[in-house]
Amino acid sequence: MSQPHFHLWHAAFGLVGDGESHSKPFALPGSRPHYTPDRPGQVEHIRLDLTLDLEQQRVAGICQIRLNPIRSGITTLTLDAVHLDVQAVQVNQQIQTFDYDGKILEIYLTQPTAMGQLLTLTITYAVEQPTRGIYFIYPTSDYPDKPRQVWTQGEDEDSRFWFPCFDYPGQLATSEIIVTVANPYRVISNGTLISQTSLANGYSRYHWHQQEVHPTYLMTLAVGDFAEVVDYWREKPVTYYVEKNRLGDVTRSMGKTPAMIEFFSTVFGYPYPYPKYAQVCVADFIFGGMENTSATLLTDRCLLDERAALDYFWTESLVAHELAHQWFGDLLVIKHWSHAWIKEGMATYAETLWEEFANGQQEASYHRYQDQQAYLEEDRSRYRRPMVTHIYKDAIELYDCHIYQKGGCVYHMIRQQLGDDLFKKAIQIFVQKYAHQTVETVDLLRAIDQATGQNLSPLFDQYVFRGGHPDYKVSYSWDSETKLAKVTVAQTQGADTLFDLRIPIAFGYEQGKRLKSFTVRIQEAEQSFYFPLETKPEWISFDHGNHTLKTVELTYALPELKAQLLWDPDPISRILAAQAIAKKGGLEAVKALQLGLGQETFWPVRQEICGALGTITLQQAFAVVSQALADPSPQVRKAAIQALAQQKSRDHFEQIRPFLQIGDPSYQVEAAAATALGKIAGGSVERQPEATEVVEIFRQALAEKVGWNEVVRAGVVAGLAHLKDSPPALEVLLSLTSSGTSQPLRLAAIRALGTYASQQDQPRIIERLRELAREDFFFIQIAVVTALSQLKTPQAISILQSMDSQDGRISRRVAEAIRQVQAQMGNDPALQQLREELTQLKQTHVDLLSRLSALESQAKSPSDEATPA
């Protein structure tokens, strides 16, 4: 499974961080240990025969489960089945009695099991207007152009919402799905299409069969009036299914899939194991993608038009991520959700591996740097946890940046410790040894040991089985007499969580043409290392190559940081130098960053330099940033606009305005310009543009900037949210939250309400969010939670509590939002003043009591005093 790309997900659905996370536990109230349940036997095959009524949103089904009992004497079988209409149960064609409470189906066997004697369970059931597991998408009066589709989403434990099953990943079985549906809809599912039969009543019957074992959460179907595009890899079909009006977007969005299949088949040492690979783009999909065995479902938001293809790279990463799951997650299945990092971490790292193969080492390094930042932000602002934990409320809570981005970084650290050749060998042995089986983290350790003889338990103990990462503070000095370079490294994360790692330190000469490298072991709270060098180095590269997941504060002098920015061959090292230079501030820092910006050939470093310049509150810094508005890279232009918005001046407003009103080739740049204009206009500075002027600019943009995934108009909405004292801006935002507004724009407007109201009491916004909270559409609920999380009023908590859901995807965010609102209320100046006054009253009370005691003591006569014993 994939979240949408990190930046998209957190901008759209994430919660705003509210400070240090280390005091915030991961386990929510009500969490408990979870274990793989006892197995009554081995499920060998699952057969579903379904009839779909798309108009009535109904499924009529017969589920057959062939079970090989693992022991004799079992008299009751317990299946997962949520909100199903269970009508009849048979075992080996004999009617059985059963109890069903809406969640668990208890089947009372007329004959106890006999080990090795197969049972065939046949359950007749129906599903009426389901809310999870299987989703009916259809046009409405507000959204008449929405396609009519049906699709499933089983991870983590949602398959039980559309068929009865033993719904946990430890059970692997073959499967077949037979679906009867009205024409012209087609059905895509796992495995091979055995037959497609036209029926006399205007229906068709599709029969799919998956002969490779897989868990229930990877069983799928997707139904729609799709167009099909067929490609091939080694004569196996590689198919793409999209709405017919999106055919032109297929190749630019997913056309590299056959090359990716070849690449991963080589890297993982196991040819793609399934008879076909399908990718189906569906509407309203709740994640970025889902790696159902041989039939991946993707959000249709990943389909790129020509402009989006200029600067949206996450689609290629999404395609690579889900494809890599066909090995890690599908061929090798996790035995329990607590080990999900094995598959999600590798699928995330596979994005980097593909990036390295397709675009080079620098692109891969920056991709990995972004993964690091995603994890570090979650660790800082949400919680810290071990990657492997079985204590949670709902398994879906585990699907966070700890198992995706941190997991990918840990795989890279394994690669760095083993070396490329041994890493490849270890991964290939892992895949080959456990193909079509379940795995746990210890199995990966054993495969590494088998392939390399190396015991990586110390690395796993520090990064996998406990939370956190090292925070390094690094200083450097040079002794010209002894020709010794001294590097002092402090671990600042706390003495109780020291890391023991080997870190390379390189010294650079001749503008990057020569490097001298050493490896040191860092295991104490503070250590100093001395390196004999022939001459003073130009710069120092701590953790050369930046392969270690960490934070680092570089306290070198400006000349060394400047040389590192200009000449270090590693782009991440250059970025870290830019950030360290910016922290020094001053005109010399600006000049160093200006030189770096002018010399840098790799756009991500130029982008990060712009961001660093934006933190320096000097006009000269913004003058340098202004030059980057003409950069050929849209990402750099976007970063320059965002940096200029840090200083809310009329001059900057006029510099940015043309990027929205005249336009830019990039959607992202136009969106960034809109948001920046709102931030500048909403600031309290002299000569700022009037809010009414900006609202009119935004009204025009909302009328004209209709485009891919509403990126630009969502940027306009974000800009409106910063006009906090503008009633016209609020009116526009409220109007855009109405049903009938395009879905991405409506969601952006709902989230923007939280930004608008975050610093002031807005009863109209509270009431509108209360109304929206009653809607049951997943994305609306997430957007409302995001908006409410920005407020600081008890009313927000009341609404959030009313939204608390049995759906772990919602309940986790609700709980965190409540905690965030409470923290923000604690930061309210009025509340702080009341607390200070209460503290003063308490202290006055204590003082008065002390004075009273002293007076009483003085008033006592000598005869009243106690006699010493």
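Relative to one another, the C-alpha centroids of the stretch 403-452 and the stretch 342-402 are positioned 16 Å apart. Give me the angle, in degrees from 0 to 90, between the Cα long axis of helix 558-567 and the longest principal axis of the Cα atoms of the chain, rounded to the nearest 10. For 558-567 against the chain, the angle is about 40 degrees. Using the alpha-carbon centroid of each, what span in Å lies between the stretch 124-138 and the stretch 609-630? A separation of 53 Å, based on Cα centres.
Label-to-label distance for Leu247 and Leu558 is 6.2 nm, based on points extended 7 Å past Cα in the beta-carbon direction.
Calculated FRET efficiency, Gln42 to Asp421, Cβ-Cβ distance, R0 = 25 Å: about 0.10 to the nearest 0.05. Applied to the stretch 301-311, the Karplus parametrisation 6.51 cos²θ - 1.76 cosθ + 1.60 on θ = phi - 60° returns per-residue 3J(HN,Hα) values of 5, 7, 6, 9, 8, 4, 5, 4, 5, 5, 8 Hz, with x for Gly and Pro. Compute for the stretch 33-189: radius of gyration divided by Kirkwood radius, i.e. Rg/Rh, restricted to C-alpha atoms, rounded to two decimals. Taking Rg over the Kirkwood Rh, I get 1.01. Averaged over its residues, the chain has an accessible area of 40 Å² per residue, based on protein heavy atoms and a 1.4 Å probe. Each Cα pair under 8 Å and six or more residues apart adds its sequence gap; the mean of these over the residue count of the stretch 275-359 is a relative contact order of 23 percent.
A viscosity of 0.692 mPa s and a temperature of 37 °C, combined with the Kirkwood radius over Cα pairs in Stokes-Einstein, give a translational diffusion coefficient for the chain of 110 µm²/s. The portion of the accessible surface of the stretch 214-326 made up by carbon and sulfur, rounded to a whole percent, is 54 (1.4 Å probe; DNA, RNA and ligands excluded). Size of the stretch 747-833 from its Cα atoms: along the principal axes, largest to smallest, the extents are 40, 23, 17 Å.
For Lys536, the aspartates and glutamates whose Cα comes closer than 20 Å to its Cα, not counting residues fewer than 8 places off in the same chain, are Asp479, Glu481, Glu510, Glu560, Asp568. By how many degrees, between 0 and 90 and to the nearest 10, does the Cα long axis of helix 420-434 differ from the longest principal axis of the chain? Its long axis makes an angle of about 30 degrees.
Excluding Val474 itself, what net charge comes from residues whose Cβ is under 13 Å from its Cβ, given Lys and Arg +1 and Asp and Glu -1? Cβ neighbours under 13 Å give a net charge of -2. Using 0.36 nm per residue and subtracting the Cα-Cα separation, the extra length available between Ala358 and Asn183 on full extension is 58.9 nm. Based on DSSP, what percent of beta bridges with both residues in the chain are antiparallel, to the nearest 5? Looking only at bridges with both residues in the chain, the antiparallel portion is about 80 percent. Among the GluC sites (Glu not before Pro) within the stretch 682-741, those in coil by DSSP and having at most 12 neighbouring Cβ atoms inside 10 Å are Glu686, Glu690. In plain terms, the bigger the Kirkwood radius, the slower the diffusion; for the stretch 117-212, with that radius from Cα pairs, at 4 °C and 1.567 mPa s, Stokes-Einstein puts D at 83 µm²/s. For the peptides 280-291, 477-488, 666-677, the ranking by packing is 666-677, 280-291, 477-488, with the highest mean count of neighbouring Cβ atoms within 10 Å listed first. Dividing the mean sequence gap of close Cα pairs (under 8 Å, 6+ apart) by how many residues the chain holds gives a relative contact order of 8 percent.
With contacts taken as Cα pairs under 8 Å at a separation of at least 6 residues, the stretch 770-812 carries a relative contact order of 33 percent. The simple Förster model, with R0 at 45 Å and r as the Cβ-Cβ distance, assigns Tyr143 and Ser31 a FRET efficiency of 0.75. Model label points for Ala823 and Glu524, set 7 angstrom from Cα along the Cα-to-Cβ axis, are 3.5 nm apart.
Working note: Karplus 6.51/-1.76/1.60 with θ = phi - 60° gives the stretch 284-294 the couplings 6, 5, 7, 10, x, x, 9, 7, 3, 3, 6 Hz, where Gly and Pro are set to x.
With the highest mean first, a sort of the peptides 557-563, 195-201 on other beta-carbon atoms found within 10 angstrom per residue produces 557-563, 195-201. Compute the angle between helix 794-803 and the longest alpha-carbon principal axis of the chain, please, reported from 0 to 90 degrees and rounded to the nearest 10. Between the helix axis and the principal axis of the chain, the angle is about 20 degrees. Based on DSSP H segments of at least four residues, each scored -39500 (n - 2.57), the chain has a per-residue ellipticity at 222 nm of -12500 deg cm²/dmol. May I ask for the distance between the Cα centers of the stretch 540-559 and the stretch 567-607, given as a whole number of Å? Here the answer is 13 Å between Cα centres. Ranked by the mean number of other Cβ atoms within 10 Å of their residues, highest first, the peptides 566-579, 810-823, 593-606 fall in the order 566-579, 810-823, 593-606.
Taking 7 Å steps out from each Cα toward its Cβ at Leu118 and Glu775 produces label points 4.9 nm apart. Per-residue extension of 0.36 nm, minus the Cα-Cα distance of Asp725 and Gln56, leaves a gain of 236.2 nm for this segment. Annotation: Cα Rg of the stretch 496-633 relative to the compact-globule expectation 2.2 N^0.38 Å equals 1.11. With Cα atoms as the point set, the radius of gyration and Dmax of the stretch 167-289 evaluate to 15.5, 49 Å.
The values are calculated or read from the model by the stated rules, or taken from the named source; none is laboratory data. None of these values were measured; they are calculated from a predicted model. Virtual Cβ from ideal backbone geometry, glycine too; neighbours counted across all protein chains shown. Each accessible area value is taken on the protein alone, full model and side chains, heavy atoms only, with ligands, DNA and RNA left out. Shrake-Rupley method; radii C 1.70, N 1.55, O 1.52, S 1.80 Å.
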